[in-house]
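Each remark here refers to the structure printed beneath this line.
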Amino acid sequence: MRRRTCRAAISGVINHDNEEGIIRIADNTITRGLKMWTWGFASFTNETDQRRDPNPARPYVELWAGVSDEFFHSAEFPARSEVSIPETYSPTIGMSNVTHANASILINLVAEASGASLQFFSIEPVTPLRIIMKRGDAVLFDDAVTADPKNGNRIFAPIPAGGSAEPVQLTIRTSDGKELIAAAAGIEARTK
């Protein structure tokens, strides 16, 4: 997962070939120790489909988040105390990256001169959504959307030539107007 513009409290992994992954959303000032381990084989050549042939001895990725800064560094707790860490885990079906996330929705918002690309995954896919993308006063996209939890969600909104230099503003709300997430993406220069 590239964290090029991510300001969210997230960590996780994405298989970029399949555009699938898992993201942990939590307050990383509490769980500042973030580690990822993988176990497995040097190559997955000739591997069977794990969904059809499950086996716990297969390769996997383990995510770890702790209150100490390093895995083998101790953390001290007063007797009879506890630390509560609210966290949410979400798949990233159909997403190549995550730029913003919260306990309701994950998004990948990228803006280029030709248009704005949005990939998103709703943690509550039965909730009807309203997605609005703007650049300055120009409305690029404003429509009701039903989240697709099986294939992921992609929206491309062309940006008219000669528009403002302002970033693309995204707001995703429920159909009754409750804001789930708001984000902005500046126009990225395309590299060759």
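None of the figures in this text is laboratory data; all of them are computed from the coordinates on show. In this text, all values refer to a predicted model and were calculated from it rather than measured experimentally. Cβ: placed from backbone, ideal geometry, glycine included. Neighbour counts: every protein chain shown.
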Taking a crude spin-label model, label points 7 Å out from Cα along the C-beta direction, the GLU87 to ALA103 distance in nm is 1.5
Packing-based exposure ordering (other Cβ within 10 Å, fewest first) of HIS16, HIS100, HIS73 | HIS73, HIS16, HIS100
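List the chymotrypsin sites (Phe, Trp or Tyr not before Pro) in segment 68-142 that DSSP assigns to loop (not H, G, I, E or B) and whose Cβ has at most 10 other Cβ atoms within 10 Å. Which are they?
Numbers: sites: PHE71, PHE72, TYR89, PHE120, PHE121, PHE141; in loops: PHE71, PHE72.
Here the chymotrypsin sites (Phe, Trp or Tyr not before Pro) that fit, given the DSSP loop and packing criteria, are PHE72.
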Calculate the spin-label point distance for HIS16 paired with GLU70, positioning each point 7 Å from the Cα along the beta-carbon direction, and give it in nanometres.
-> 2.9
